[in-house]
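A quick write-up on the structure given underneath.
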Amino acid sequence: MSLTYQQLLTAVPLVLAADNVPNIVGDAGIGKSALVQEVAANLGAKLFTTVVSLSEKGDLAIPVPPLTSDSFVETQNYGRLANVQFGYSETLISIIKYAESHPSQPIIWFLDEFNRGTQAVQSELMNLVLQRKINALKLPSTVKIVIAENPDSTMAGFIDRDYGVATGDAAIKDRTVRLVMTNSTNEWLKWARSIDLNRLVIKYLTQYPERLLVIDPNNEDLAPTPRAWERVARNLDQLQLLAYGMQKQLAADLFSGDLGDEIGVAFAQFVLAQGHELTVATLKKAEEGKKQFSACDEATKIQLLRSWLQDGLAVEKEAQLFNEYLQLISPDGQYAIAQSVGEQLATILQPMYEQAIKHPHGNVARLYQEFAHIATRGDN
């Protein structure tokens, strides 16, 4: 079970209103931090953020040299704490001071990447999260805590994840409300349009919505995430200010640095093709079409050939060309095309069959046989 960004905008405040601690679990780059920022804005809350993975053991309890009276911060209602100018102590002082000067305003303390901190760091935070106190200091009632974690393989639905996390303490699991965050390409595209993100990123993800977030347990390198696509859009804004020749030199490496090689190169080809778009009409111009077709990524090749199917394949010359293009895609791609043909019996297969009966040695007959062979191969 999981919730989208928009659903969590309702669910997180609901959990906070019930005086519980939301624990937002989601893949890196999916938008957890942005979600908490928007929740805080919607609630009119002051947001304080601590990245737990950057913290060290002792940030709350490390011994310090003897302190003077000036080293302690006294509060009217919540006790006192030594201000050692680092770690959580500094954040806590800021929170307490803000709470006392804004007694009616809600405060959210966001503990990001909670389970990427060490077990020792997590343990130091236990009293704050569960008991809302540390040593002699207690959190004001206006302070709400929100946790965010990356999934680990012990969590239901995430058996294939391999983030560098420290498995959470059972008490944290038992006393926080786990809210699993999933991606929604439609929601992300709506947001991207609302802030006028680069139109080519929007266009590309509209065509390939499954590429917004790619989880590949066998690939520990870069992969697309919603956060990565936002960076790509910003970089693309700047890239488009350059001459086309320089764009060609930089695009693949620039986008691969966020998306990984496979999708980075595919997106670069997509961007560079704008204004030079390959169409079915171009494909039918044999030499010109083959050169551009060979440079396309696999998904684009399949999309083009599927578009061609709408014109039918019962013409001898076009059947020959289509067969030549068909040989330029992978076996899986060929099978996908054959399936599309099989789903359109009346408009594609029947006219091909009738032409093949008339000319059993013609190009249409050969393509018809090729589809039958591919379909049989796929079934095996």
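The values are calculated or read from the model by the stated rules, or taken from the named source; none is laboratory data. Remember, predicted model here, so these are calculated numbers, not experimental data. Quick reminder, even Gly has a Cβ in these numbers, built from the backbone with ideal geometry, and neighbours come from all protein chains shown.
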Exercise for review: Could you tell me which of the residues L321, L278, L304, L326 is out of contact with any Lys or Arg (no Cβ under 8 Å at 6 or more places or on another chain), closer than 29 Å to T206 by Cβ, modelled with pLDDT of 90 or more and hydrophobic (A, V, I, L, M, F, W, C)?
Suggested key: L326
Check your understanding: Among I302, I329, which is the only one that is among the hydrophobic types (A, V, I, L, M, F, W, C), within 30 Å of Q350 (Cα to Cα) and either in contact with a Gly (Cβ under 6 Å, 6 or more places away or on another chain) or not assigned by TED's automatic domain parsing to the domain that holds G362 (or both)?
Key -> I302
Exercise for review: Filter the range 7-45 for residues that are out of contact with any helix residue (DSSP H, G or I) (no Cβ under 9 Å at 6 or more places or on another chain), farther than 19 Å from L128 by Cα and assigned to a loop (DSSP other than H, G, I, E, B) and give the result.
Suggested key: D27, G44
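Quick grid of which residues meet (1) modelled with pLDDT of 95 or more; (2) of a type outside the set (V, I, T):
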| residue | (1), (2) |
| --- | --- |
| P151 | no, yes |
| I159 | no, no |
| D162 | no, yes |
| V165 | no, no |
| D174 | no, yes |
| L197 | no, yes |
| V232 | yes, no |
Practice item. State whether the residues of the range 259-278 include one that is under 28 Å from the mean Cα position of the chain (by Cα), farther than 21 Å from R211 by Cα and not in a loop (DSSP other than H, G, I, E, B). Key: no
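Report whether or not P209 is modelled with pLDDT of 90 or more, in contact with a Gly (Cβ under 6 Å, 6 or more places away or on another chain), at negative phi and not assigned by TED's automatic domain parsing to the domain that holds A40.
No, not satisfied.
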Study note, to complete from the structure: Note on K291: of the conditions (1) surrounded by fewer than 19 Cβ atoms within 10 Å (Cβ to Cβ); (2) more than 21 Å from R366 (Cβ to Cβ); (3) under 27 Å from the mean Cα position of the chain (by Cα), unmet is (3)
Point to revise | The listed residue being within 17 Å of V364 (Cβ to Cβ) and assigned to a helix (DSSP H, G or I), out of Q320, Q339, Q334 | key: Q320
Point to revise | Top-ranked residue in the range 89-108 [being modelled with pLDDT of 90 or more, in contact with a Ser or Thr (Cβ under 7 Å, 6 or more places away or on another chain) and of a type in the set (A, V, I, L, M, F, W, C); ranked as surrounded by the most Cβ atoms within 10 Å (Cβ to Cβ)] | key: I107
